[in-house]
Amino acid sequence: MFLPPPHGTERAQTLAAKLGCVVGELVEPGDRTKAALLGSLSGFAKVLEEFGGKWDEADRVYFFANWPMLEAALQHIAEERGKSRFR
C-alpha cells in the first residue's frame, strides 16, 4: 500500500514534484515501511536501480531502503536534466 510521505521528507517531495513524481511510503503486510516513488518513471528506471531502487509490480512504485537513497536518486536525475537543458 502506498501512503503519504512522513514529516521530514520535504526535500525529496520537492525534487519529485519537479520531475512529475510523488514520494510516499510503501507498506507491505508484516514489513516495515520503505521510501517509495510513484509516477511516470520509465525514463528513469536505470538510474533508480543504480541508486538501489527496486520495482514493486503490485503497487507500481519504486522503493528504496531509506529516504537518503531515494533523495540521492532524485537529486541525480534533477542535476542530469539541468545539464541536458544547457547542451
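No lab work stands behind these numbers, since they all come straight from the coordinates. Please read these numbers as outputs of a predicted model, since none were measured by experiment. Counting neighbours? That spans all protein chains shown, and the Cβs are built from the backbone with ideal geometry, glycine included.
Could you give the size of the charge dipole of the chain about its Cα centre, using +1 on the Cβ of each K and R and -1 on the Cβ of each D and E, expressed in debye and rounded to the nearest 20?
460 debye
With a sphere of radius 11 Å drawn around the Cβ of Lys34, what net charge do the other residues whose Cβ falls strictly inside it have (Lys, Arg +1; Asp, Glu -1)?
Summing Lys and Arg as +1 and Asp and Glu as -1 gives -3.
When you count, for each residue, the other Cβ atoms within 10 Å and take the mean per peptide, how do 47-55, 7-15, 20-28 rank with the highest first?
The peptides rank, most packed first, as 20-28, 47-55, 7-15.
Where the eigenvalues come from the Cα gyration tensor of the range 2-85, what are the semi-axes √(5λ) of the equivalent ellipsoid, largest first, in whole Å?
Output for the range 2-85: semi-axes of 20, 14, 11 Å.
Tilt of helix 67-85 relative to the longest C-alpha principal axis of the chain, in degrees (0 to 90, nearest 10)?
With rounding to tens, the tilt is 20 degrees.
What distance in nm separates the two pseudo spin-label positions at Ala58 and Val22, each 7 Å out from Cα along the beta-carbon direction?
2.0 nm
Fewest first, what order do Phe2, Phe44 take by the number of other Cβ atoms within 10 Å?
Ascending number of Cβ neighbours within 10 Å: Phe2, Phe44.
Among Phe2, Ala35, Pro68, which residue has its Cα positioned farthest towards the positive end of the charge dipole of the chain, with +1 placed on the Cβ of Lys and Arg, -1 on the Cβ of Asp and Glu, and the dipole taken about the Cα centre?
The Cα lying farthest towards the positive end belongs to Pro68.
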